[in-house]
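Engineer: Okay, handing you the structure first.
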Amino acid sequence: MKKPSPLLLLLAVLALATACNKAPEASSGPAGSARKLSIALMPKSKGNAYFISCKAGADKAAKELGADLIFDGPTDPDPAKQNEIVENWIALGVDVMAVACENKEGISTALRKAQSKGIKVVTYDADALPDSRSFFVNQATPEGIGYMLMDEAARLCGGSGEFAIITASLTAANMIEWQKHIEARRAASFPNMKMVALRPCDDLKDKAQSESTALLSANPGLKLIMAICSPAVPGAAEAVKQAGKVGRVKVIGLGLPSENRRYVKEGVTDSVILWKTEDLGYLAVQAAAGLAKGTLKTGDKSFAAGSLGHFEIQGDNILLGKPFVFNKDNIDQFNF
Amino acid sequence: MSNPSIQRGWKAALLRHETLLLLVVAVEWLYFNSVGPRFGSVDNSFDIIRHSVEIGLLAVVMTPIILTGGIDLSAGSLLGLCAILFGKLWRDAGLSPVMAGVCTLGIGAVAGGLNAVLITGLRLPPLIVTLGTYSLFRGLGEAITRGVDTFTNFPASFLFLGQERWLGVPAQVPLFLLVAGAVWVLVHRMTFGRTFRAVGFAPEGARYAGIPVERRIALAYVLAGTVAALAAIIYTARLGQAKADAGTGYELFAITAVVLGGTSIFGGIGSVHGTLLGVAAIAVLNNGLVHARQPREVAGMLTGLLLVLALSTSALPKLLALLRSHRQTVNPEPIKS
């Protein structure tokens, strides 16, 4: 009576674990499916709607190319996780990887290791150190983003007034870069605009909302909140709405049209700035495949990416093009 | 079978728990090896170890703390702070990586000492104290770097520690084995270290038995601080960077491994080798799922499932013993009535 129970339970765990593993494994296709190009795509964090919409484009590209696409990334905020995943992929033996890097220097050691094992590497969304990858699929230059955000903010504020920035984390390399250009543009063209606060929201909508609420009460003269990570835009909008300051405090930011449609239509959020994320995912996978097949080489000036046509290459940056402003006139045309 | 005393009952259960866990690790290994052609390769096996050294170190030194009935929530934050300070000492104070490392270990010991003083001196609950230092250490790291400063471009001789092989094994492995071995000897082979369990089992009893309870508890936290600093150095060498967010959430992974390894969260019961098996069970699962082409989130789910089942199986013998003693007291009654 006493003895078999733990053993039985153990067997149950194992049976369950095996069942869990086996069922989906069959559907994901045989691991060594001979000639199929194996492309691994890593988001900064897996649950983020931004990267989910990148994945939609990536899936489309993989389907057109007949390639096997692995999509995996960190599910918790551990900065070492991306390195581990890259190293796992090296062990797995993928042909090429496309990575959106959370930590520029940190990930580079792992990417170099991949290259030394003959695996091709491209980065997208956020770059690594240049010697650790062949190409960076650049969704928009930091300058383009920073200037466009600042110009839009100044336009809505009439060229003067206080504004605050909500960022993902004080350590995210690409956001720091954008802030530099926002500040440069402000100093050069809009000296009467004043940035009163910069707050991190850990890429969480509810934290962005509470930070915005705090900002609103601490800065009665605030005219605009600029949210530069995607969960922060609806978060800030909700805070402004609940504070009853719609119209008096404007909200702009980098975000997904789908997450902001409601606020844009209600007039809480004025503009949402972004590139077409599906195109970014599509281009990243196309570039990765091109690199692996040899149709994309260092020194090329343009790249033909399947159904999206040609893209300009500047040095080792493949450019997606100019950022796009979503506002209440056009936001209904986009469903990502 | 026969009628074991309650003490022998849980001792046997303890033995079984670790044996079971070993079996789990073995089955995980065999399964993943059969579905992932490259899972069992030497390279991948070393990757599994390299990826779990930092959490393994934290878990090993978390074991004596939990044995005394305490907890250390500040371990991951201290790792982050030590990584920053190590970077600062090397880059800004111009120390060699070795000197910076030695100083960092000292800082870790002091930070662990802070936990120890607050817990034993002021008699505050470890949960509250380390919840405080959890924020304090992380906050200090963020303040020192203002969140943005990243220490990188370490010399290759230092990165060797985290990325290269020494005598055929990843360079950090000997260090890990040294620490794990030392803590194992301390906890299981020295009279001195065995008192950790006595303290956790019955603090007042231990006190009456003449054990310097406060000093033993303090030692566990200082040890944890020092080893967290070592983990920080290895982490920095493995990633090639030190940033304020290093080690985020590691304290929970470490506690999970300790508890999965059979250590009672109330103290008094548990082992270092159990913890090592706990670390291995989680690490193999995490890595193996990649080779089984499973999404990462499945790993979290299965870890949770494993933990819940491990806890229920180890609780089962006690429950059965309780039922049996209940039945024994109940059975004679019908005769009376």
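Engineer: Provide a single number: the residues in region B:150-168 that are surrounded by fewer than 15 Cβ atoms within 10 Å (Cβ to Cβ) and either modelled with pLDDT of 95 or more or not in a helix (DSSP H, G or I) (or both).
Structural biologist: Result for region B:150-168: 7.
Engineer: Restricting attention to region B:205-225, does a residue exist that is under 23 Å from the mean Cα position of the chain (by Cα), free of Cβ contacts under 8 Å to residues at least 24 places away in the same chain and either under 27 Å from residue A:169 (Cβ atoms) or outside any helix (DSSP H, G or I) (or both)?
Structural biologist: Checked against the condition, which is being under 23 Å from the mean Cα position of the chain (by Cα), free of Cβ contacts under 8 Å to residues at least 24 places away in the same chain and either under 27 Å from residue A:169 (Cβ atoms) or outside any helix (DSSP H, G or I) (or both), region B:205-225 yields no hits at all.
Engineer: Six or more apart or on different chains, Cβ atoms under 8 Å: show the pairs whose first residue is in region A:308-336 and touching a residue at least 12 places away in the same chain (Cβ under 8 Å) and whose second is part of a loop (DSSP other than H, G, I, E, B) and of a type in the set (Gly, Ala, Ser).
Structural biologist: These pairs meet every condition: A:311/A:305; A:311/A:321; A:316/A:134; A:320/A:140; A:321/A:140; A:322/A:140; A:323/A:140; A:328/A:267.
Engineer: Filtering region B:60-70 down to residues that are part of a loop (DSSP other than H, G, I, E, B) and buried (at least 23 other Cβ atoms within 10 Å of the Cβ), which residue is nearest to the other protein chains (Cβ to nearest Cβ)? Even if it seems obvious, please write down each step before you answer.
Structural biologist: Taking region B:60-70 as the starting set, the residues that turn out to be part of a loop (DSSP other than H, G, I, E, B) are B:68-70.
Right, trim to buried (at least 23 other Cβ atoms within 10 Å of the Cβ) and you get B:68, B:70.
Working: B:68: 27, B:70: 24 Å.
Among residues in region B:60-70 that are part of a loop (DSSP other than H, G, I, E, B) and buried (at least 23 other Cβ atoms within 10 Å of the Cβ), the one nearest to the other protein chains (Cβ to nearest Cβ) is B:70.
Engineer: Could you check region B:296-316 and list, in sequence order, the residues that are surrounded by fewer than 17 Cβ atoms within 10 Å (Cβ to Cβ) and outside any helix (DSSP H, G or I)?
Structural biologist: none
Engineer: Turning to a different aspect of this structure: Just one of B:325, B:337, B:314 is farther than 24 Å from residue B:45 by Cβ and modelled with pLDDT of 80 or more; which is it?
Structural biologist: Just one listed residue meets the conditions, B:325.
Residues are listed down the side, and each one gets a yes or a no for (1) under 22 Å from residue B:49 (Cα atoms); (2) touching a Ser or Thr at 6+ places or on another chain (Cβ under 8 Å):
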{"position": "B:194", "(1), (2)": "no, no"}
{"position": "B:199", "(1), (2)": "no, yes"}
{"position": "B:212", "(1), (2)": "no, no"}
{"position": "B:217", "(1), (2)": "no, yes"}
{"position": "B:226", "(1), (2)": "yes, no"}
{"position": "B:239", "(1), (2)": "yes, yes"}
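Engineer: Here's another thing I want to ask about it. Condition check: exposed (fewer than 14 other Cβ atoms within 10 Å of the Cβ), within 22 Å of residue A:142 (Cα to Cα), within 22 Å of the chain's Cα centre (by Cα) and of a type in the set (S, T, N, Q). Does residue A:333 satisfy that?
Structural biologist: Against the criterion (exposed (fewer than 14 other Cβ atoms within 10 Å of the Cβ), within 22 Å of residue A:142 (Cα to Cα), within 22 Å of the chain's Cα centre (by Cα) and of a type in the set (S, T, N, Q)), residue A:333 does not qualify.
Engineer: Given (1) touching a residue at least 40 places away in the same chain (Cβ under 8 Å); (2) more than 29 Å from residue A:260 (Cβ to Cβ), identify the lone condition not met by residue A:302.
Structural biologist: For residue A:302, the exception is condition (1).
Engineer: Same structure again: Filter region B:246-267 down to residues that are part of a loop (DSSP other than H, G, I, E, B) and either in contact with a Lys or Arg (Cβ under 8 Å, 6 or more places away or on another chain) or surrounded by fewer than 24 Cβ atoms within 10 Å (Cβ to Cβ) (or both), then give me how many there are. Break it down into steps so the answer makes sense when it comes.
Structural biologist: Of region B:246-267, the ones part of a loop (DSSP other than H, G, I, E, B) are B:246-249, B:261-267.
Within this subset, residues satisfying the condition of being either in contact with a Lys or Arg (Cβ under 8 Å, 6 or more places away or on another chain) or surrounded by fewer than 24 Cβ atoms within 10 Å (Cβ to Cβ) (or both) are B:248-249, B:264-267.
Residues in region B:246-267 being part of a loop (DSSP other than H, G, I, E, B) and either in contact with a Lys or Arg (Cβ under 8 Å, 6 or more places away or on another chain) or surrounded by fewer than 24 Cβ atoms within 10 Å (Cβ to Cβ) (or both): 6 in total.
Engineer: How about region A:44-72: which of its residues are within 18 Å of residue A:254 (Cβ to Cβ) and of a type in the set (Val, Ile, Thr)?
Structural biologist: A:52 - this is the single residue of region A:44-72 that is within 18 Å of residue A:254 (Cβ to Cβ) and of a type in the set (Val, Ile, Thr).
Engineer: Sort out for me the strands (runs of 3 or more DSSP E) sitting completely within region A:215-299 that have 1 or more residues that are on the phi > 0 side of the Ramachandran plot, of a type in the set (A, V, I, L, M, F, W, C) and touching a helix residue (DSSP H, G or I) at 6+ places or on another chain (Cβ under 7 Å).
Structural biologist: Fully inside region A:215-299 and qualifying: nothing.
Engineer: Scan region B:39-59 and give yes if some residue there is free of Cβ contacts under 8 Å to residues at least 12 places away in the same chain and away from chain A (no Cβ under 14 Å), otherwise no.
Structural biologist: no
Engineer: Next up: Could you tell me whether residue B:306 is within 11 Å of chain A (Cβ to nearest Cβ) and either over 13 Å from the mean Cα position of the chain (by Cα) or at pLDDT below 95 (or both)?
Structural biologist: yes
Engineer: Also, quick follow-up: Among the residues of region B:155-166, is there at least one that is free of Cβ contacts under 8 Å to residues at least 24 places away in the same chain, more than 14 Å from chain A (Cβ to nearest Cβ) and at negative phi?
Structural biologist: Checking region B:155-166: at least one residue is free of Cβ contacts under 8 Å to residues at least 24 places away in the same chain, more than 14 Å from chain A (Cβ to nearest Cβ) and at negative phi.
The values are calculated or read from the model by the stated rules, or taken from the named source; none is laboratory data. Note that the structure is predicted; figures quoted are calculated from it, not measured. A quick note on method: Cβ atoms are made from the backbone with ideal geometry, for glycine too, and the neighbour counts reach across all protein chains shown.
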